[in-house]
Every structure is written in C-alpha cells, then in structure tokens.
Amino acid sequence: MTTFHTATLGCKINQYETRSIAEAWTGRSAVEVDDPRAADLILVNSCAVTANAVADLRQAVRRFHRDNPEAGIIVTGCAAQVMPEELAQLPGVVRVVSQADKARLLDGPGLDGPGLGSLEASPNLDGNVPDKAEGVRFAPFSITGYGRARAVVKVQDGCSHFCTYCIVPLTRGRSVSRDPAEVEGEVARLLGAGFREFILSGINLRHFGRDLPGKPDFWDLVARLETNFAPEWTGRARLRISSVEPGQLTDKALDVLGASRLVCPQLHLSLQSGDPDVLKAMGRGHYSPQSAVDFMDRLKAFWPVMGLGADLITGFPGETEERFEHTLDLCRALPLTYGHVFPYSERPGTRAVDLPGAVDVPVRKERAARLRKLVGRKKAAFLKTLLDLPHLDVLVQDARGRGVSEYYAACRFETPPDAPPRSLVRARPLRVDKGVVVVGPFGPEEAEA
C-alpha cells in the first residue's frame, strides 16, 4: 500500500487539480495521509506567479525532505513548467512534472508502486509554452468531493491575453474551456455529496467559451446553471464567481447577475491599476478604470449590499506617484470590501522585465502598504454596515463555527451551530471582532421566515 500527501501552493485552480489527482490516486488503492511524515510520496503543486511563490516552493520542498527524508517528492504545476531543471536538484525530488503534463498524473505518479501506474518522462521540460493550440481540449480533471467546505468548480484554464507582467500564459498556455454540460454535471454531483457553495473558477473567465461550439461566454454559463439549478436550490445552495475582468462587466453581465437567485452578491475584479497609462503598459488597455465604477453603480439597483474585492499591483514600471494616486482614487470610488495588493514582482520571460521606468522595490512596498491601509479602512466600514442587516446567510466551514457570508465576509458563530460544515445557516449579525463578524443562529421558525 502506497501512502501519499499533497501540498498546494497558489490559486484555486491548483487546489482543484490537486484534489482531482488525489481522487485518481486513491482510486488506484493509494492512501492519502494528512501528515507528510507518514507519506511514501509527497505531491507538491506549485505556483510561479511571484518570486515569493517560488521561494515558498523551495522552502516547502526542503522542509518536507527534512521531516521525511525517505519520501519521494513530486513537483508539478506552474513552477515545474518554467524551471524544471532547478526544481529537480532540490533535495528529495524524484520527479518534476510540467504543468502541460499535469493531467498525466491522473494515471499515477510515474513511479514504481503497487497499482499506481506509470508515467513516461515528460517531453516538455524546457519552459516552453504548453501546447494549447486549436483542437486541444480541456484537461480531464474532475472531482467528486472537496477537502474544504466550499467546492471549487474549474470551468476554464490558461490565458491567451499575455499581460506584460504575467507568467501564467507561459506556464498554463492559451485559454481552453470546459464543456458546460460537464460543469453542470459536476455541480450536480457535488450537490449530491452535500456541498452548498460552489466557486466557479478559471484562469481568465473572460476567455471562457471562445473555443466552444457557438462561442458561449461566461455569462451564458452562469445563466445555464441558474436555469437548471435555481428552481430546486434557491435559498439552499449558491454560486460564487472567483474573479472577473473589468472587461466582462457588460450589459449582459448586469442582466444575468440582476436576475440570478443563486449567485452570491459579491464580485472580485482583476483591476491591477487605476491609471490608464499603467494599464496600457500592462497590456490591459481593453478597459478603463471608470468602467468598473460605472458598472458597480448600476449593479447597486440589484445588489444594494454587495461584497467587492480587487487584485491590485503597485510599483509597476512607469508608475509615478501621480499615477499611483489614480489607483488610490479608484479604490476610494469603488465600494471595495477587501483587496489583494501586491508589489510588482519581475517574472522571467515576461515583457515587463524590459520596460523603462522601473520603480525601486522599497517604493513598491511602501505604496502597497498605503493601498492596503485604504482598503483596510473600507473593509472595516463595510463590516460595520453588515450589523444593520436583519440576517446573514453563512456557509459553515468547520466544527468550531467559522464560516463565510454571502458577501464574502468572514464570520464566526458565537456558539457553534447545530449544523455540520458545508451547511447554509441563516444567522443574526451581532458584532465585529478583529475583522470577523460574530453571528448567532436564528431559531428554526425564525430561519424559515
């Protein structure tokens, strides 16, 4: 019997793919263990989006080897795509599987072991862009369960846009979409397994459907899921959208979101900057910062209360203090409730590395700190407004009573509810404690009202 442990660095798509591989290995009689010290094999699914992500990977591999020197370590994911030779030299690593070949791990780890199958040496170990050319289909990842209370459903992979700062097109290749019928089937399967929140996820949801018959877009997919699941599951289950591009915020988006009974009133925007010139230098001139503000103003007619997050980069080449102020102004204008702020990180092979106007690293970090402070104030103010609501619908995440509301606000039950993880519980907001909304459950009769 072979035992294995998985570790995932990076995005929700990596989390999903790790879970799919783990299910495939357990289906071959391997046993997944929580403690890496008890594992024969350790699968590390890597990220390469920032230099810190790569540093975290090296540290994790060394720690696993130190704690369990007998285990064979398999590294896959985005870092394995662009730096395979370096990763192969890390202590304990017995195999490096590129992102382009990751799906082949569904057939086994590629090492000798009872029932685990084999994998020929990966032909793509030179950091080339994975082949996602015309005719290549969505990789056969799928899940029947999930290790967390909220299940990720992968609907798209790759990116064909090639922002100047982003390494993802070099690691995951061009955009490829999942068949909507497969998405629908997976949601139904996970509903049957007891999940009640589903995060529709992709690398670039704006590109969803471009390679499918009839070229449906992401909003068509959301509308399809709404049509097929809302009649039975409204109020009992919900959809959450992982991240959208401002360029997706169209009239069609407003119509779909405004009519939805399943989608959580929360969006996360891949904004990156509030300055048009910086956006153009990033290769993101296809939207204006003001368009996001205008869309959110219109969305308030349907979602008077909403959660709104954003990805933001500070210190990109050419970002002067004046241009950074434009980002601050945009964040002041948007009804942000949280944000993910990153100082710009040079990634090898991207065009931004050679752009003029490099910003000193201390300045990047100082701007990130200022932006985080602004977003933090807006988050605190938003959490206080939630106390004025008659109720929140909280997805219970663990037995200690931690959860998340429909607005993507972290919650904690004052007394753990009489409901298992994955349950949706209607709760009364009581107070805010250290960035968490403390809630109390309603009685059964109140919850049904």
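Bear in mind these aren't lab numbers, they're just calculated from the coordinates by the rules spelled out. All values derive from a computational prediction rather than experimental measurement. Here the Cβ positions follow ideal geometry from the backbone for every residue, glycine too, while neighbour counts run over all protein chains shown.
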Legend entry - For the chain, cysteines whose Cβ has no other cysteine Cβ within reach (under 4.7 Å): CYS11, CYS47, CYS78, CYS159, CYS264, CYS331, CYS411
Inset, instruction - Compute the Rg to Rh ratio over the chain from the alpha carbon atoms, using the Kirkwood formula for Rh, and round to two decimal places. - result: 0.96
Inset, instruction - For segment 260-321, give the magnitude of the charge dipole about the Cα centre (Cβ charges: +1 Lys/Arg, -1 Asp/Glu; no others), in debye to the nearest 20. - result: 400 debye
Legend entry - Positive-end residue of GLY27, LEU106, GLN15, charge dipole of segment 3-107 with Cβ unit charges: GLN15
Inset, instruction - Over the chain, calculate the relative contact order: mean separation of alpha carbon pairs under 8 Å at least 6 apart, over the residue count, as a percent. - result: 10 percent
Inset, instruction - With the Cα gyration tensor of segment 1-41 in hand, convert its eigenvalues to equivalent ellipsoid semi-axes via √(5λ) and list them largest first in whole Å. - result: 19, 13, 5
Legend entry - Whole-angstrom Cα spans of segment 392-448 along principal axes, big to small: 30, 20, 19
Legend entry - All lysines inside 27 Å of LYS252 as judged from Cα atoms, apart from same-chain residues fewer than 8 positions distant: LYS12, LYS154, LYS215, LYS280, LYS300
Inset, instruction - Could you let me know the centre-to-centre spacing of segment 352-403 and segment 4-50, using Cα atoms, in angstrom? - result: 28 Å
Inset, instruction - Please report LYS154, LYS252, LYS373 as a ranked list, fewest other C-beta atoms within 10 angstrom at the top and most at the bottom. - result: LYS373, LYS252, LYS154
Inset, instruction - Net charge near ASP433: determine it from the other residues with C-beta under 11 Å of the C-beta of ASP433, scoring Lys and Arg +1 and Asp and Glu -1. - result: +2
Inset, instruction - Provide THR337, THR8 in ascending order of the number of other Cβ atoms located within 10 Å of each residue's Cβ, fewest first. - result: THR8, THR337
Legend entry - Choice from GLU406, GLU186, GLU366 showing the highest fluctuation, given a GNM over the chain with Cα pairs closer than 10 Å: GLU366
Inset, instruction - Could you size up the charge dipole of the chain around its Cα centre, putting +1 on the beta carbon of Lys and Arg and -1 on that of Asp and Glu, and report it in debye to the nearest 20? - result: 860 debye
Inset, instruction - In whole Å, largest first, what are the principal axis extents of the Cα atoms in segment 59-98? - result: 27, 16, 15
Inset, instruction - Could you calculate the contour length gain from ASP360 to GLU414, that is, 0.36 nm times the residue separation minus the distance between their Cα atoms, to one decimal place in nm? - result: 14.9 nm
Inset, instruction - Binning at 10 Å from 0, report for segment 3-107 what percent of all alpha-carbon pair distances ends up in each bin. - result: 17, 53, 29, 1
Inset, instruction - Calculate, in nm to one decimal, what ARG298 and THR250 gain on full extension: separation in residues at 0.36 nm each, minus their alpha carbon distance. - result: 16.2 nm
Legend entry - Top of ASN14, ASN68, ASN45 by mean-square fluctuation, Gaussian network on the chain, Cα under 10 Å: ASN68
Legend entry - Phi to ³J(HN,Hα) by Karplus 6.51 cos²θ - 1.76 cosθ + 1.60 over segment 413-420, Hz, x for Gly, Pro: 6, 4, 10, x, x, 7, 8, x
Inset, instruction - Can you tell me the alpha carbon radius of gyration of segment 283-432 divided by the globular rule-of-thumb value 2.2 N^0.38 Å? - result: 1.28
Legend entry - Net +/- balance of residues flanking LEU106 in space, Cβ distance below 12 Å, scoring K and R +1, D and E -1: 0
